[in-house]
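Heads up: the structure comes next, in structure tokens.
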Amino acid sequence: MAQGEIIAGFLAPHPPHLVYGENPPQNEPRSQGGWEPLRWAYERARASLDEMKPDVLLVHSPHWITSVGHHFLGVRQLSGKSVDPIFPNLFRYDFSLEVDVELAEACCEEGRKAGLVTKMMRNPNFRVDYGTITTLHMIRPQWDIPVVGISANNTPYYLNTKEGLVEMDLLGKATREALRKTGRRAVLLASNTLSHWHFHEEPAIPEDMSKEHPQNLAGYQWDMRMIELMRKGRMREVFKLLPQFIEESFAEVKSGAFTWMHSAMNYPELAGELYGYGTVIGTGNAVMEWNLRKAGQSLLGGGSSTASGSAYDGHRASLVD
């Protein structure tokens, strides 16, 4: 069996407006463009992903909400029409994707062993949520790499933020162990925006960029503070500030994908590459990459990856203290 590897992780936000602005054939509504800086950022991320040649893409989306447990797509071929319930005028997307069911089952089992409630999604007619579809389309529009889709249990909302993020930390460790055991070469996708204060009225022309700007100055300032720390690789500080960032900027990273991804990567103190930042209906969106392969930290080794290393202990402590 090949040695498991987490090649990289991407902060990969999912505003459906980006798909709408690109006018792919799968999406029914047509646009005049818009949100170009973020779409160009994804073009750079696509070029990087193309060089990585992963076996699988794992995506954690806040818009597949499962109140009881963490669920994993468990049907090998899924297709249908994904519709954004808030912006059906922008996103009605015909999707067709292949699921790495073996890896999904391994993630599910490792999560169960870690004490989490987990479940496989076996409905062959399941309509995949727009967050998962948007992130996957924007990072790999060819749809030629198998995926594992993971639901948002939303424990950070139902419990307090810190307790919920500790659960996401466990999910990340379980994901890492599943990748080690299956020998997959994986790229992780955290489908999250940063600050999430947004406008409540849409312009007459949705892609009118003269109407697009940060909804909230404090949220924008928080985004810049956190991005600067990420660009410098000061991730321990990022996680120490994360609960305050979530509280004061209404950050969507509260749903847990960002913590899940960095936990799976073993919390590298590694500079993230910023491909671009922009707002969508006022929310803050950054496309960023942490490339573990280039840093020599991607291979998962032969022993159990659930054993706590110093980075794991330190970051876990910052979430619960």
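With contacts defined as alpha carbon pairs under 8 Å and 6 or more residues apart, what's the relative contact order of the stretch 54-99 in percent?
Once divided by the residue count of the stretch 54-99, the mean separation gives 34 percent.
Say the cut-off is 31 Å between C-alpha atoms; which of K81/K162; K113/K240; K53/K211; K173/K294 go over it?
K81/K162; K53/K211
Residue separation times 0.36 nm, minus the C-alpha to C-alpha distance between A2 and K211: what's the value?
Roughly 70.2 nm would be gained on extension.
Just read off the accessible area of S263 with the full protein assembly in place, 1.4 Å probe, to the nearest 10 Å².
0 Å²
In the chain, carbon and sulfur make up what percent of the accessible area (probe 1.4 Å)?
Percent of accessible area from carbon and sulfur atoms in the chain: 51.
State the Cα centre-to-centre distance between the stretch 174-201 and the stretch 63-136 in whole Å.
Taking the Cα centre of the stretch 63-136 as reference, the centre of the stretch 174-201 is 13 Å away.
Please report the net charge: other residues with Cβ closer than 15 Å to the Cβ of Y220, K and R +1, D and E -1.
Local net charge: -4.
In the neighborhood of T283, defined by Cβ-to-Cβ distances under 11 Å, what is the net charge if each Lys or Arg adds +1 and each Asp or Glu adds -1?
Around T283, the charge tally is -3.
Hey, what's the chain come to in accessible area per residue, 1.4 Å probe, Å²?
Computed with neighbouring chains in place, this is 39 Å² per residue.
Got the relative contact order for the stretch 81-189 handy, in percent, Cα pairs under 8 Å and 6 or more residues apart?
Over the stretch 81-189, the number comes to 33 percent.
Take K119, project a point 7 Å from its Cα along the Cβ direction, then tell me which residues of the stretch 149-180 have their backbone nitrogen under 15 Å from it.
150-155
Spin-label point model (7 Å from Cα, Cβ direction): what's the E247 to Q77 distance in nm?
For the pair E247/Q77, the computed spacing is 5.1 nm.
Could you work out the longest stretch of the chain that avoids the trypsin sites (Lys or Arg not before Pro) located in DSSP loops with at most 11 other Cβ atoms within 10 Å?
Between the exposed loop sites, the longest stretch runs 123-321.
Fully extended, how many nm does the chain gain between N154 and E51 (0.36 nm per residue separation, minus their Cα-Cα distance)?
Here the answer is 33.7 nm.
Are there any GluC sites (Glu not before Pro) in the stretch 120-216 that are in a DSSP loop and have at most 15 other Cβ atoms within 10 Å? List them by number.
E201
Under the definition of Cα pairs under 8 Å and six or more residues apart, what whole-number percent is the relative contact order of the chain?
It comes to 29 percent, rounded to a whole number.
Largest first, how would H17, H63, H200 line up by accessible area (1.4 Å probe)?
Largest to smallest exposure gives the sequence H200, H63, H17.
The values are calculated or read from the model by the stated rules, or taken from the named source; none is laboratory data. Source: prediction; values computed, not measured. Positions of Cβ are backbone-derived with ideal geometry, glycine not excepted, and every protein chain shown enters the neighbour counts. Quick note on the areas: whole protein, heavy atoms, side chains included, nothing else; ligands and nucleic acids left out. Shrake-Rupley method; radii C 1.70, N 1.55, O 1.52, S 1.80 Å.
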